[in-house]
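To keep things clear, I will list the structure first and then write my remarks on it.
The values are calculated or read from the model by the stated rules, or taken from the named source; none is laboratory data. These numbers were taken from a predicted model, which means no experiment stands behind them. Because the Cβ atoms are built from the backbone with ideal geometry, glycine has one as well, and the counts that use them run over all protein chains shown. Quick note on the areas: whole protein, heavy atoms, side chains included, nothing else; ligands and nucleic acids left out. Shrake-Rupley method; radii C 1.70, N 1.55, O 1.52, S 1.80 Å.
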Amino acid sequence: AVRMQQAKQTVPHFYLRTECRVDTAFEFLASVKRTAADIVPTVTDLVIRATACALRTVPHANAAWVDGAVRLYDRVDIAVAVDTPTGLVTPVVRDAGRKDLAAIASETQMLAGRARDGRLAPEEYHGGTFTISNLGMYGVESLYAIVNPPQSGILGVGAARARPVANGGAIGVGTVMVCTLSADHRVLDGARGAELLQAVQSYIEQ
């Protein structure tokens, strides 16, 4: 509570929103579900992988505001918001930029289970370089999350919904998911934040 109050009062937030076409992503996840033997990746796992790749593409966004200066991180450690009976916790997928989707899915399932059971060790939820919060499973369309200092950004993920979309010169139906970047303006400017969100969108849609 103290950290969130501090973040909202002292971090100069700005917000960028984009819509991702996720038809291809959902078809991919469905095909994996049909063939996978044990752990099946979720939408959150896919967003973690896409965001980790985007942070490697835009490395200056993998940064923090520490002691009045910008600190850049070599490793992408993605914190993931998990709802538990005792409140919100954010276990961290370490070095997510170098893990494939299967490894991320396995790790998030393990961490989420430990979080809900109250068995996370401190090193499992401290030290992330970026956070993802997905409320799509609750039907929330978009989320403007609070930055978790000293991190420079958090990605809010909404529900995927069927909508009219333009395909060339025709109108069809596509599945669209809203992603919103909340960023610390001391670390990221609008252009750099837009570059990161564009990369996230590209990786999700591909």
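Values computed for the structure shown
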| read-out | value |
| --- | --- |
| For residue 74, net neighbour charge (Lys/Arg +1, Asp/Glu -1) across residues whose Cβ lies under 13 Å away | +3 |
| Net charge of neighbours whose Cβ lies under 14 Å from the Cβ of residue 112, counting Lys and Arg as +1 and Asp and Glu as -1 | -2 |
| Surrounding net charge for residue 33, when Lys and Arg each add one and Asp and Glu each subtract one, Cβ distance under 15 Å | -2 |
| Cα-centred dipole magnitude for the chain, charges only on beta-carbon of K, R (+1) and D, E (-1), debye, nearest 20 | 140 |
| Helix-derived mean residue ellipticity, 222 nm - over the chain, DSSP H n ≥ 4, -39500 (n - 2.57), to 500 | -11000 deg cm²/dmol |
| Residue 23-residue 202 pseudo-label distance in nm [points 7 Å out on the Cα-to-Cβ vector] | 2.2 |
| Surface share of carbon and sulfur [accessible, 1.4 angstrom probe, percent] for the chain | 53 |
| Gyration tensor over alpha-carbon atoms, the chain, equivalent ellipsoid semi-axes in Å | 26, 22, 16 |
| Kirkwood hydrodynamic radius of the range 50-164, from inverse mean 1/r over distinct Cα pairs, in Å | 14.9 |
| Gain upon complete extension [residue 33, residue 14; 0.36 nm per residue less C-alpha separation] | 3.1 nm |
| Spin-label model distance (nm) - residue 88 vs residue 162, 7 Å beyond Cα toward Cβ | 3.2 |
| Reduced Cα scattering model of the range 32-105, Debye log10 I(q)/I(0), q = 0.20, 0.26 Å⁻¹ | -0.92, -1.16 |
| By accessible area with a 1.4 Å probe, ligands and nucleic acids excluded, highest first: order of 163, 119 | 119, 163 |
| Contact order normalised by residue count of the range 54-135, Cα under 8 Å, 6+ apart, percent | 34 |
| Residue-normalised accessible area of the chain, given per residue in Å² at a 1.4 Å probe | 50 |
